[in-house]
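The values are calculated or read from the model by the stated rules, or taken from the named source; none is laboratory data. All of these numbers come straight from a predicted model, not from anything done at the bench. Positions of Cβ are generated from backbone atoms using ideal geometry, with glycine treated the same way; all protein chains shown enter the neighbour counts.
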Amino acid sequence: MLRVGLTGGIAVGKSFVSSVLAELGCHVFDADQIARAVVQPGTPALAEIVATFGSSVLAPDGTLDRAKLGELVFADAEARARLNAIVHPRVHAEQDRLLREVAARDPSGIAVVDAALLIESGGYRRFDVVVVVWCRFDIQVARLMARNALSREAAERRIAAQMSSDEKRRYADFEIDTSDGFQATRQQVIALHAELRARAQP
């Protein structure tokens, strides 16, 4: 089975690329959903987060208040590193479990993990192929402004807080440029899928 890590910055069109790969028959997992699952009430990860950051990060129903936790770690690199040390190993372990399940079920299949922090977390090393989705900076800013109702300044600040697309692209085996819209992107993903299919053959 071919293990594919898919990544890209905010508002570059990563979800669309994932959805086309799923349409084409790939087994697609969203690292965000996995990250939510590993911090559900009753999990060791949530207990460790509360022990580290205090009970103020819990919502009234006992679930993790991601917005409140985000405020705590967004501007504090040390706090963010502590949080990542709690969450990332558990996310990676759960991804590996899901990938093993797919490998047992579909040995010549293609499994894709869509993860925004694939490179930053070091997780990219666990994949056979890394695909980086990107678009031109001006388009990324415009998409983020429209999607999140942000000012240009706020959108640019949010993009600047992440690893840049140029930096991510240095790790790519394949790139998808979404700058020219859905149809052009779909064609690139279809071509990518054919390449992945060839690599997945035993």
Residue list for the range 7-38, filter: in a loop (DSSP other than H, G, I, E, B) and closer than 14 Å to Gln95 by Cα:
Val38
Leu98: in contact with a Phe, Trp or Tyr (Cβ under 7 Å, 6 or more places away or on another chain), part of a helix (DSSP H, G or I), farther than 30 Å from Arg186 by Cβ and at pLDDT 90 or above, yes or no?
no
Answer from Ala111, Ala146, Ala79 - the residue that is among the small types (Gly, Ala, Ser), part of a helix (DSSP H, G or I) and either closer than 21 Å to Leu24 by Cα or out of contact with any Ser or Thr (no Cβ under 9 Å at 6 or more places or on another chain) (or both):
Ala146
Could you grab me the full set of residues in the range 53-94 that are surrounded by fewer than 11 Cβ atoms within 10 Å (Cβ to Cβ) and of a type in the set (D, E, K, R)?
Asp61, Glu78
Scope the range 11-33; condition at pLDDT below 95 and either crowded, with 20+ Cβ neighbours inside 10 Å or β-branched (Val, Ile, Thr) (or both); matching residues
Ala31
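Restricting to the range 59-104, what's the tally of residues that are without any contact (Cβ under 8 Å) to a residue 40 or more places away in the chain and in contact with a strand residue (DSSP E or B) (Cβ under 7 Å, 6 or more places away or on another chain)? Before you say what the answer is, go through the steps one by one.
Taking the range 59-104 first, the residues without any contact (Cβ under 8 Å) to a residue 40 or more places away in the chain are 59-73, 75-85, 88-89, 92-93, 96-97, 100-101, 104.
Within this subset, residues satisfying the condition of being in contact with a strand residue (DSSP E or B) (Cβ under 7 Å, 6 or more places away or on another chain) are 64-65.
Number of matching residues: 2.
Look through Val39, Val28 and report the one residue that is under 17 Å from the mean Cα position of the chain (by Cα) and closer than 30 Å to Pro107 by Cβ.
Details: Val39 fails: closer than 30 Å to Pro107 by Cβ.
Every option except Val28 fails the conditions.
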What is the residue count in the range 1-48 for residues that are touching a strand residue (DSSP E or B) at 6+ places or on another chain (Cβ under 7 Å) and either farther than 22 Å from Glu167 by Cβ or among the acidic types (Asp, Glu) (or both)?
12
If we keep just the residues of the range 84-113 that are out of contact with any Pro (no Cβ under 8 Å at 6 or more places or on another chain) and among the polar types (S, T, N, Q), which is nearest to Asp32 (Cα to Cα)?
Gln95
Can you list residue pairs whose Cβ atoms sit under 7 Å apart, with the first residue in the range 130-152 being in contact (Cβ under 8 Å) with a residue 12 or more places away in the chain and over 21 Å from Ser19 (Cα atoms) and the second being buried (at least 16 other Cβ atoms within 10 Å of the Cβ) and among the basic types (Lys, Arg)? Count only pairs 6 or more apart in sequence or on different chains.
none
Only residues that are acidic (Asp, Glu) and either touching a Cys at 6+ places or on another chain (Cβ under 9 Å) or surrounded by 11 or more Cβ atoms within 10 Å (Cβ to Cβ) (or both): list them for the range 126-165, please.
Asp128, Glu156
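Here is a check on your reading of the model: is Gly70 more than 15 Å from Arg82 (Cα to Cα) and either outside any strand (DSSP E or B) or touching a Phe, Trp or Tyr at 6+ places or on another chain (Cβ under 8 Å) (or both)?
Details: more than 15 Å from Arg82 (Cα to Cα): no; either outside any strand (DSSP E or B) or touching a Phe, Trp or Tyr at 6+ places or on another chain (Cβ under 8 Å) (or both): yes.
Criteria not met by Gly70.
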